[in-house]
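Just so it is clear, none of the values below were taken in a lab; they were calculated from the coordinates. Quick caveat, the model's predicted, so the values are computed rather than measured. All Cβ positions, glycine included, derive from the backbone under ideal geometry; neighbour counts span all protein chains shown.
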Amino acid sequence: MSYNNLLFEVEGGVATITFNRPKALNAMNPETTRELKDAVTRSIEDEAIRVVVLTGAGDRAFVAGADISAMQDIAPSEAMRIMENGHEVLRLIETMPKPVIAAVNGFALGGGMEISLACDIRFASEKALFGAPEILLGIIPGWGGTQRLPRLIGIGLAKELVLGGGQIDAKRAYEIGLVNRVYPPDQLIAETNKFAAKLAGLPAFALKMAKCSINFGADASLDTANRIEIACCAECFSTQDQKEGMKAFLEKRKPAFVGR
Ligand code: CO8
């Protein structure tokens, strides 16, 4: 599948998916959602891809939300379908067996912030702006914003953003734990790629198990979550990388991981 609204590049085990509708501040129309699902599926299936980076084209936006021009006159059933399609691809990103990093280079509003919330890690440019402006349009977040946002930053802060519809800058997003790191705009991609390359060199199966344990433990009781962790960690002992990692440590040398 070739893409009209995304760029898809792979280098050194890192796939970069770039939202590419800069004239509309990379707003997500239904075609972009379909393309994103395809690009994410490719990233899951291609063994050479170890890490995924999501970012936005241009210097203004990551994604300024769902495309409002495609929503104005739709029926509730069509709105539901758009939301279900969005949820499907965001859950795919969240649960895929490889790390996904959002490099938020500008506006991350509404559906744009929700996409970033489904990623494992968020790096932001000092120019990034986050918000849930749906309330100003007479709706509420529909791609997980009322669920993932409070889980990440807490119910009180999430309600401030969702009910108020305001925007926060990268500094505030960092203070409340919405983003992991903040960089000057011209360093965001280089720093993100540096971290992505580091992850691409780490044991792939252990990364998959770490993500799995955190994701599926998060909504479970502590006892159930601890059993999930035990099962995920035990599985790592089936890999060559576990043998190599421990052998290399004991031999005081750098490990040569093979990704299995
Ligand atoms: N949808 C469509 N077009 C957009 C969007 C958008 N979300 N955001 C920006 N654009 C377009 C503008 O219409 C404009 O196009 P044109 O040049 O043709 O007029 C172009 O991008 C540039 O935008 P502005 O001229 O407005 O630029 P400013 O610098 O003045 O403002 C803002 C930038 C503040 C980002 C402003 O564009 C804005 O407020 N955008 C809308 C943000 C928003 O409300 N996002 C949430 C949308 S709803 C949502 O995401 C819910 C998702 C899940 C529910 C799905 C339900 C079916």
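Side notes on the structure shown:
- Qualifying GluC sites (Glu not before Pro) in region 173-260, DSSP loop, other Cβ atoms within 10 Å at most 12: Glu251
- Cross-linked pairs Lys171/Lys254; Lys208/Lys254; Lys211/Lys247; Lys171/Lys198; Lys208/Lys247: Cα-Cα separations exceed 27 Å for Lys171/Lys254.
- In degrees, nearest ten, helix 155-164 long axis to first principal axis of the chain (Cα): 30 degrees
- Directionally averaged shadow of the chain, computed from the convex hull of its alpha-carbon atoms, nm²: 14.9 nm²
- Helix 204-218 and the longest principal axis of the C-alpha atoms of the chain enclose an angle of approximately 50°.
- Cα-only radius of gyration and Dmax that characterise region 204-250, units Å: 12.0, 37
- For the chain, the longest principal axis of the C-alpha atoms and the axis of helix 240-250 are separated by about 60°.
- Counting only aspartates and glutamates at least 8 places from Lys252 when in the same chain, those with an alpha carbon closer than 15 Å to its own are Glu244.
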